[in-house]
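The values are calculated or read from the model by the stated rules, or taken from the named source; none is laboratory data. In this text, all values refer to a predicted model and were calculated from it rather than measured experimentally. Reconstructed Cβ throughout: ideal geometry from the backbone, glycine too, with neighbour counts over all protein chains shown.
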Amino acid sequence: MSFLDLVVKRKSVRAFLSTPIDRTVLDKCLEAARLAPSACNAQPWHFIICDKTPLRETLAKEAFSGIYSMNAFAKEAPVLIVVTQKTTKAAPKLGGLFQGIDFGLIDIGIACEHFQLAAAEENLGTCMLGWFNSKAVRKILKLPKNLKIVLIIAVGYPSAPMGGPKKRYPLEDIRTYVEK
């Protein structure tokens with residue numbers, strides 16, 4: 001499969017089969033994330049894998065209930081990955097401060113997309129979620145208050161085939177070539 005075919009195949013999946021995912025497959029995807037580039041090689045990501053019941057079920061119930069229930073579909077996913085941001089090196093932090101950009105979050109986004117593309121190659125569906133009860137997640141996983149929880153990635157075998165057309169702006173609307 002070409003890279004562009006893989007990009008077309010990968011989409012946000014919101015319906016999963018209950019089939020468990022072998023940890024060797026998850027580790028392949030995590031290896032792709034580990035190899036992602038980052039500002040000053042800071043590698044500010046850490047992935048907490050929740051693939052065993054009852055912890056995964058408790059986490060899903062608490063993270064995606066109440067005002068967060070728009071993402072309740074994630075409760076079906078056999079794997080939830082909590083992505084956290086580690087304290088970064090001084091150079092990207094200082095550069096980000098001057099630019100008004102959190103380079104660590106950009107780096108985490110790149111690593112998570114590497115994970116998702118590797119997952120698509122393994123015929124796994126994923127969905128990155130930013131709307132969840134972070135206080136509940138912190139409490140259930142016993143995470144320190146200074147650790148920033150950035151995303152949760154729902155992972156599983158999709159209940160319908162992945163791929164197909166995507167609703168995107170045309171290329172002409174998103175690029176500008178600059179002439180001399």
Would you check which residues across the range 8-43 are loosely packed, with under 14 Cβ neighbours inside 10 Å and within 17 Å of residue 115 (Cα to Cα) and list them? 12, 22, 23, 24, 27, 31, 35, 37
Please verify whether the range 1-11 includes one or more residues that are within 15 Å of the chain's Cα centre (by Cα) and under 20 Å from residue 149 (Cα atoms). no
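Here's the yes/no breakdown for (1) under 19 Å from residue 46 (Cα atoms); (2) under 12 Å from the mean Cα position of the chain (by Cα); (3) crowded, with 19+ Cβ neighbours inside 10 Å; (4) of a type outside the set (Lys, Arg):
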residue: 103; (1), (2), (3), (4): yes, no, yes, yes
residue: 110; (1), (2), (3), (4): yes, yes, no, yes
residue: 113; (1), (2), (3), (4): yes, yes, no, yes
residue: 123; (1), (2), (3), (4): no, no, no, yes
residue: 131; (1), (2), (3), (4): yes, no, no, yes
Test residue 42 against the stated conditions and say whether it is in contact with a His (Cβ under 8 Å, 6 or more places away or on another chain) and either farther than 18 Å from residue 130 by Cα or of a type outside the set (Phe, Trp, Tyr) (or both). no
Being of a type in the set (Lys, Arg) and under 18 Å from residue 104 (Cβ atoms) is the filter here; which residues of the range 1-53 pass it? 34
With the condition kept exactly as written, say whether any residue in the range 53-69 is surrounded by fewer than 20 Cβ atoms within 10 Å (Cβ to Cβ), hydroxyl-bearing (Ser, Thr, Tyr) and modelled with pLDDT under 95. yes
Considering only residues that are of a type in the set (Asp, Glu) and either touching a residue at least 12 places away in the same chain (Cβ under 8 Å) or not in a helix (DSSP H, G or I) (or both), which ones fall in the range 1-40? 22, 31
